[in-house]
Amino acid sequence: MTWPRAWLKNDAFCGSGMKRRHNPCLILVALLLMTSTLPLTQADERDERSGLWSAVAEHGIAEFEDFDDAITNLTERWSIPGTQVAVMFNGTLVFYNGYGVADSESATNITADSKFRIASLSKAVTSAGILTLIQGGIISLDDRMVDLIPDLLPGELEGCEYPGHSTSFSIDDITVSHLLNHRAGFDPSSDPTYWHWNTWDNRNDDCLDIDGLNTDYDDGNLAPVSMESILSEWLRRPLDYEPGSDYEYSNIGYQILGQIIEAQSGMGYEAYILENVLTPMGIDSMSIGMTMPDQRAENESTYYDYEDDTSPCHFPSGEDENGDPIFPTSPDPDCGNFVIEEKDGGGGWIATAADYARFLAHIDGTLTTTAFNNSFEYFVSNPDAPEYSSYYGHGVFVSAANTDIWNHLGAFSGSSTYFKRVMVDAGGDENEPVIVVMFSNTRPTSSMEIDGSSWTSDRTSTISSVIYDVDWANLTASKPLPDNGSCNPGDTKPAEDGCNNCVCTEDEIWACTMIYCPD
């Protein structure tokens with residue numbers, strides 16, 4: 001039997017790395033995984049459509065039955081091929097389930113190890129990397145972008161006013177803080193991080209060095225364009241507004257932050273994040289994804305365009321008789337829509353839902369890490385945050401009315417991701433954090449509605465409603481102990497951790513209930 005990593009590392013117990021915000025500490029023992037690769041079809045008889053990777057659905061956590069039903073109905077309503085959901089309660093994984101298939105052709109089910117592209121949920125990962133540089137004294141929020149990435153700054157180009165554009169807006173005024181808060185002056189209406197080679201080659205823009213790109217990329221035969229080249233070309237163009245004066249969500253800012261991490265650490269972006277952010281958190285499922293199906297990670301899901309759309313692949317398959325590149329038509333998620341490995345800092349990561357939930361529990365300060373400290377205030381920081389509604393902090397959306405409430409959406413062709421963090425009444429002196437993460441291997445069309453709701457609104461409202469339906473104050477779970485072979489219903493005994501009590505249920509299994517125990 002393989003137990004969850006959180007138990008093996010003792011994160012769920014007294015004396016663990018959990019941030020001591022409460023006295024006494026809250027303990028929850030939950031059975032979540034019988035084995036890390038158990039397919040969903042081996043679940044209990046009560047519900048053959050899916051089931052938890054454990055005996056939870058069969059023996060415990062009845063409080064999540066309505067939650068499970070709601071997610072099941074949501075995915076069936078929208079015909080989602082595969083979905084993975086994780087719920088973290090006060091730093092402990094209490095629900096981890098999958099729905100549907102990771103690959104329809106091979107009939108491979110979603111498992112505990114299934115990985116998904118997380119799209120813009122990658123931005124919080126990049127922001128965490130920036131925090132390590134700030135707390136290490138390498139950079140500051142007020143540092144100017146141009147001072148941190150000198151090698152990416154473009155040269156002058158005939159016909160382009162750079163660096164003295166007629167507007168008063170200058171890239172010299174962009175700070176790290178502006179990049180984190182999406183206030184750097186970039187308008188997202190034309191996002192070059194998605195551009196195909198043909199888009200670059202056909203642009204009529206005096207500030208883009210198309211001739212230089214043709215030379216560097218052999219007239220497209222060496223496509224796609226690297227993110228370094230994309231950023232350098234884009235920084236030559238005039239800004240759309242004065243840095244700091246407005247908010248415009250833009251991938252460009254977070255791509256630049258990824259380059260700042262490389263320039264200031266002397267390491268590749270992915271390597272730096274793995275070594276300095278994720279490994280200290282005990283997270284090992286995350287990496288930068290790859291575009292082409294034959295280069296993807298082990299256990300990575302297949303991605304499905306909701307309407308089976310195709311486009312010219314970003315990678316040429318050869319040359320025609322004139323020496324021009326041939327871009328074969330390909331499914332959008334498989335190289336026809338974007339190049340995921342070039343999106344690194346703004347959207348390139350893949351992960352399991354459980355590990356991303358674990359990441360969030362570290363950046364909100366519920367779980368401690370050697371990577372950084374006092375991270376909550378950093379992630380909700382925005383000097384220009386509105387008094388009401390929501391705003392963008394440092395990698396997450398935050399409720400201005402209650403900064404304990406976080407969320408973020410992510411989307412590619414073939415991917416839709418979402419997380420929500422709230423505080424719930426757990427019966428103690430203070431409310432406790434709950435994080436829900438949901439990854440899916442398709443993205444329903446944004447204009448499509450079912451019963452008057454889009455996929456985004458239906459998904460977010462469903463999760464928001466069922467979070468509060470769980471009886472968090474009386475949450476119970478079942479955990480077979482190592483000596484669990486048989487027991488007499490009604491028998492009691494201490495759990496292994498010494499502070500939970502276990503009762504033998506009518507099913508002759510030890511059920512360990514959540515209680516408070518002293519520090």
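The values are calculated or read from the model by the stated rules, or taken from the named source; none is laboratory data. Keep in mind that this is a model prediction, so the values were computed, not measured. Neighbour counts run over all protein chains shown; Cβ positions are idealised from the backbone, glycine included. Each accessible area value is taken on the protein alone, full model and side chains, heavy atoms only, with ligands, DNA and RNA left out. Shrake-Rupley method; radii C 1.70, N 1.55, O 1.52, S 1.80 Å.
Structure summary
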{"quantity": "Cα Rg over Rh - region 189-291, Kirkwood", "calculated": "1.02"}
{"quantity": "Relative contact order for region 396-441, counting Cα pairs under 8 Å that sit 6 or more residues apart, in percent", "calculated": "30"}
{"quantity": "Chain lengthening between THR199 and LEU409 when straightened (0.36 nm per residue, less Cα-Cα)", "calculated": "72.9 nm"}
{"quantity": "Per residue, the convex hull volume that the Cα atoms of region 292-376 enclose (Å³)", "calculated": "140"}
{"quantity": "Charge tally in the Cβ shell below 9 Å around THR193, where Lys, Arg are +1 and Asp, Glu are -1, THR193 excluded", "calculated": "-1"}
{"quantity": "In region 61-157, GluC sites (Glu not before Pro) in a DSSP loop with at most 13 other beta-carbon atoms within 10 Å", "calculated": "GLU105, GLU156"}
{"quantity": "Restricting region 398-466 to trypsin sites (Lys or Arg not before Pro) in coil, as DSSP defines it, with at most 16 other Cβ within 10 Å", "calculated": "none"}
{"quantity": "FRET efficiency for ASN431 and THR310, using Cβ-Cβ distance with R0 set to 45 Å, rounded to 0.05", "calculated": "0.40"}
{"quantity": "Percent carbon-and-sulfur accessible area, region 193-242, ignoring ligands, DNA and RNA, probe 1.4 Å", "calculated": "33"}
{"quantity": "Spatial extent of region 376-484: Rg and Dmax, with the Cα atoms as the point set, Å", "calculated": "17.1, 57"}
{"quantity": "GluC sites (Glu not before Pro) within region 206-293, DSSP loop, no more than 14 other Cβ atoms inside 10 Å", "calculated": "none"}
